[in-house]
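Each remark here refers to the structure printed beneath this line.
The values are calculated or read from the model by the stated rules, or taken from the named source; none is laboratory data. Because the structure is a prediction, the values reported are computed rather than measured. With ideal geometry, Cβ positions are generated from the backbone for all residues, glycine too; neighbour counts draw on all protein chains shown.
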Amino acid sequence: MESWNGLNPSCPKLFFSHEYDSGWNKNHGRLERWRLQRVSVDPEQAGLTGCWQFIGVRRDRQKIRRGKVLEVSEEYSLYTSSLVQEETTAGQLAHYIRGHWGACESGAHYRRDVSLGEDASQISGPNAAQAMATLRNLVLGLFELQRDKETANAPYVPGWRRKMTASAALQLIKKGP
């Protein structure tokens with residue numbers, strides 16, 4: 001699935017007759033509601049190879065503290081899917097979309113930020129940022145390699161990184177999987 005976030009807020013609300021409605025859920029100090037509507041398309045109509053659905057998601061959020069609503073926001077996102085509409089329900093699509101973002105935020109991004117301080121980095125410029133992202137991925141890959149072989153000298157990346165030397169890292173790279 002691909003997404004285009006930041007859709008113009010004047011998106012017609014009529015589009016969201018909501019085929020799927022999550023109802024209000026409380027999480028992380030806010031109430032959140034997801035509504036999803038989808039349109040079946042032909043890849044030729046869509047102009048995208050393999051695209052069988054356009055999906056619109058409306059997210060309503062209410063930030064709450066001590067039972068009072070502090071902030072209200074509404075966000076629209078559009079997605080495309082290679083799944084034919086009959087293959088999945090609207091609820092399943094909402095689950096897949098949530099799972100995708102959860103994996104990004106809880107998985108790789110969390111580990112790169114918390115373990116390697118990526119968000120605090122002051123490196124700028126596309127080439128330097130790309131180089132650092134590559135090095136961070138290498139560090140995480142080396143840790144995973146050692147952890148899978150049960151030879152990591154620490155259970156978590158920060159401790160492992162402090163104990164890892166450049167020569168030991170080069171030896172790991174030479175050995176490979």
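For region 52-65, name all the residues that are of a type outside the set (Lys, Arg) and under 16 Å from ALA90 (Cα atoms).
First pass over region 52-65, keeping only residues of a type outside the set (Lys, Arg): 52-57, 60, 62, 64.
Within region 52-65, TRP52, GLN53, PHE54, ILE55, GLY56, VAL57 meet the criteria.
Conditions tested, residue by residue: (1) of a type outside the set (Lys, Arg); (2) free of Cβ contacts under 8 Å to residues at least 24 places away in the same chain.
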| site | (1), (2) |
| --- | --- |
| LEU48 | yes, no |
| PHE54 | yes, no |
| ARG59 | no, no |
| LYS63 | no, no |
| LEU70 | yes, yes |
| TYR76 | yes, no |
| VAL84 | yes, no |
| HIS95 | yes, yes |
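Can you work out which of the residues in region 106-149 that are among the β-branched types (Val, Ile, Thr) and without any contact (Cβ under 8 Å) to a residue 12 or more places away in the chain is nearest to THR165 (Cα to Cα)?
As a first pass, look at region 106-149 and keep what is among the β-branched types (Val, Ile, Thr): 114, 123, 134, 139.
Next, from what is left, pick out any that are without any contact (Cβ under 8 Å) to a residue 12 or more places away in the chain: 114, 123, 134.
Numbers: VAL114: 21, ILE123: 23, THR134: 18 Å.
So, considering only residues that are among the β-branched types (Val, Ile, Thr) and without any contact (Cβ under 8 Å) to a residue 12 or more places away in the chain, the one nearest to THR165 (Cα to Cα) is THR134.
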Of the residues that make up region 158-165, is at least one surrounded by 13 or more Cβ atoms within 10 Å (Cβ to Cβ), outside any helix (DSSP H, G or I) and out of contact with any Asp or Glu (no Cβ under 8 Å at 6 or more places or on another chain)? yes
All conditions in (1) more than 24 Å from the chain's Cα centre (by Cα); (2) at pLDDT 80 or above are true of ARG136 except (1)
Only one of ASP148, ASP113 is exposed (fewer than 14 other Cβ atoms within 10 Å of the Cβ) and at pLDDT below 85, namely ASP148
